[in-house]
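The structure appears below as structure tokens.
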Amino acid sequence: MVGEELTEQETALYDRQIRVWGADAQRRLSKSHILVYGMKGTITEFCKNIVLAGVGSLTLVDDRAVTEEALSANFLMPPDENVCSGKTLAELCRDSLNEFNPMVRVSVEKGDLTSFGVEFFDKFDVVVISFCSLATKKLINERCRKLSKRVSFYTVDCRDCCGEIFVDLQKYNYAMKRLDETTECELQYPSFQEAISVPWRSLPRKVSKLYFAMRVIERFEEAEGRKPGEICIEDLPAVLKLKKEICEAQSLNESHIPNALLERLVTGTREFPPVCAIIGGILGQEVIKAISGKGDPLKNFFFFDSVDGKGIIEDISDPTPKG
């Protein structure tokens, strides 16, 4: 990005933002390329935020047709059903996002995300995937890590009134400004596979119960060959049985994963729009931080539950040093 300055048009359009985070941060945003998979409610909130912020380009991947669920949580869907006919979710979202900010190039890539090779992801600075299987999260994160450059990787899930964000910035350097002093900081992030492999018994006692509950749901869907969200109340006994088995294997007291919480996640598989707005907003802020190199990024999980209204950051990393 060295030597690539903002145009007069960009400077005029993003004047307020430049006053907040500076011209250099806006320049980095305007030259960034972001890949997004899974056009659900939380992701559309995120896309709206980063398009308005002025990223360089946004590529959408989601070949699914419009469903009733999409219409209920995705505000980018046009109200006219005739417009939706024959178009994928990604194509419809692209058409709407193009109206938000004509200076951002929004495009669609068709195909199965897992079939894209490592070189495909080299075109992007940030990769965000939503509502993916456990295997897909691991696979895409691994492909991003195989590249010679650093690609910021995020997963986001929203079920009922709960949400989770996972962040992998690999080896990340950033500037932290407090008062009149700027400090150069460095963080080392684990991959998704490394993070969820940390033994539960080694984690602090106050780790969010949502962390454990989401891992149980992921494991259940994987074991049963289900797509994310293909779960219902009839599955609850089997989910509770799996919870018991995992807790015994991990030497964790079962009370850390309340049955009532698992019942909510099993029953409320759809997204709750107000929670989509909160999670999508947080995700947008984190991606802007990662691109601009300014601000203290979260490491490495964020959880939100509207029942208590709390947002919690958890650093789930292996406490033992490597090498």
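The values are calculated or read from the model by the stated rules, or taken from the named source; none is laboratory data. None of the values given here were measured: they were computed from a predicted structure. FYI the Cβ positions are ideal-geometry reconstructions off the backbone, even for glycines, and counts take in every protein chain you see. Heads up: the accessible areas ignore ligands, DNA and RNA and are worked out on the full protein's heavy atoms, side chains in. Shrake-Rupley method; radii C 1.70, N 1.55, O 1.52, S 1.80 Å.
If you wrap the range 114-201 in the convex hull of its Cα atoms and look at it from every side, the mean projected area works out to 8.4 nm². Full extension of the segment from A175 to S72, taken as 0.36 nm per residue of separation minus the current Cα-Cα distance, would add 33.1 nm. Rolled with a 1.4 Å probe across the full set of protein chains, the surface gives T7 an accessible area near 70 Å². A convex hull fitted to the Cα coordinates of the range 1-44 yields 95 cubic angstrom per residue. For K149, a cut-off of 18 angstrom between C-alpha atoms picks up these lysines, skipping any fewer than 8 places away in its own chain: K31, K123, K171, K289.
For the options D95, D112, D62, a Gaussian network treatment of the chain with springs between C-alpha atoms closer than 10 Å singles out D112 as fluctuating the most. The modelled label-to-label distance between E184 and D95, using points 7 Å beyond Cα along the C-beta direction, is 5.0 nm. Using a simple spin-label model with pseudo-atoms 7 Å out from Cα toward Cβ, A223 and D63 lie 3.1 nm apart. Proximity of backbone amide H atoms, modeled 1.01 Å from N, is registered between D160 and R270, E271, F272 at under 5 Å, excluding neighbours fewer than 5 places apart on the same chain.
Each Cα pair under 8 Å and six or more residues apart adds its sequence gap; the mean of these over the residue count of the chain is a relative contact order of 20 percent.
Can you give the extra length, in nm with one decimal, that the chain gains between K87 and V118 once fully stretched, where that is 0.36 nm per residue apart less the Cα-Cα distance? If you can, show how the numbers build up before the last one.
On the way: separation 31, 0.36 × 31 = 11.16 nm, distance 2.76 nm.
My answer for the length gained is 8.4 nm.
Rg of the Cα atoms in the range 281-323, relative to 2.2 N^0.38 Å, amounts to 1.44.
Taking the chain as a Gaussian network of alpha-carbon nodes connected by springs under 10 Å, the highest mean-square fluctuation of the residues R178, R226, R264 belongs to R178.
Under 5 Å from the amide H of V106 lie the amide H atoms of L58, each residue being 5 or more positions distant or on a separate chain, with H modelled from the backbone and absent for Pro and chain starts. Solvent-accessible surface of the chain, averaged per residue with a 1.4 angstrom probe and all protein chains in place: 47 square angstrom. A 31 angstrom limit on the alpha carbon distance is what I want to check against. Which of K110/K209; K146/K299; K138/K209 exceed it? Check vs 31 Å cut-off fails for K110/K209. Of the labelled figures (i) 31, 59, 11, 0; (ii) 31, 54, 14, 1; (iii) 25, 39, 17, 15, 4, only one reflects P(r) over Cα pairs in 20 Å bins from 0, in percent as derived from the coordinates, namely (i). Of the solvent-accessible surface of the chain, computed with a 1.4 Å probe and all protein chains present, 50% belongs to carbon and sulfur.
Once you've got the GNM for the chain with C-alpha springs shorter than 10 Å, pick whichever of I233, I257, I288 has the biggest mean-square fluctuation. Looking only at I233, I257, I288, the biggest GNM fluctuation is shown by I233.
For the range 171-323, the calculated P(r), taken from all Cα-Cα distances in 5 Å bins from zero up to the bin holding the longest distance, is 1, 7, 15, 17, 18, 17, 11, 7, 4, 2, 1, 0 percent. Within the range 70-142, the percentage of alpha carbon pairs spaced more than 19 angstrom apart rounds to 49%.
Taking amide H atoms as placed 1.01 Å from N in the peptide plane, the amide H of I316 lies under 5 Å from those of N300, F301, each 5 or more residues away in sequence or on another chain. A crude spin-label estimate for the pair I233 and Q193, with each label 7 Å from Cα along the Cβ direction, gives 3.9 nm.
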